[in-house]
Structures are given as structure tokens and as C-alpha cells.
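To start, the structure under review is shown below, and the notes come after it.
None of the figures in this text is laboratory data; all of them are computed from the coordinates on show. Nothing here was measured: the structure is a model prediction, and the numbers come from that model. Reconstructed Cβ throughout: ideal geometry from the backbone, glycine too, with neighbour counts over all protein chains shown.
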Amino acid sequence: MTEGKGRVHPRGGVIVTIRHGDVVYIPGGEWHWHGAAPDHFMTHLAIWEAPTEGPESDWGEQVTEAEYAGTPRMEPSR
């Protein structure tokens, strides 16, 4: 992440708080959401390998307030 404070949540996993300098790896094809933490902003750089066929991304629906407000676990190790 390049600035701010955010959250990332893989489907079936836990919400993780991320901060400036954190690197998050999401395996290809794994559904997740990410965004700024409450009352914060975030900027990030995303890099992924495009499949040989089909769409590069599958943009899901906006998460609900309840999904977004879930309790995050500790930050990832650096």
C-alpha cells in the first residue's frame, strides 16, 4: 500500500488492516474486497497477471455496511 490505512478481506477469511508499506498477496481467482479503513484514505498499486483467456478481473457487488464494519485482525507482518 502506498499511503493511508485500509482493509482487505478474502471471502471466508478475516478482515486484515493494512498500512503504508504493507504488501498483500491475493492468489489469482480468489474473491476479495479491499478499500480504505473507516475515517481514513488509502492509495495502492495493484499488479496481476492476466489470464490467456477470459476477463482480467471480475468486479463484484459493493460490500454491505455490515461486511465493511467487521472486526479486522492484526496487521500483516512486514
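Quick notes on this one:
- Among [x] 179; [y] 101; [z] 167, the entry that matches volume of the Cα convex hull per residue in Å³ as calculated here: [y]
- Annotation for the range 1-73: trypsin sites (Lys or Arg not before Pro) lying in DSSP loop with at most 11 further Cβ atoms inside 10 Å of their Cβ are Arg11.
- Within-14-Å neighbourhood charge of Asp58 [Cβ basis; K, R +1; D, E -1]: -3
- Model label sites at Glu53 and Val24, defined 7 Å from Cα along the beta-carbon direction, differ in position by 3.1 nm.
- FRET efficiency, Ala46 to Thr71 (Cβ-Cβ, R0 25 Å, nearest 0.05): 0.50
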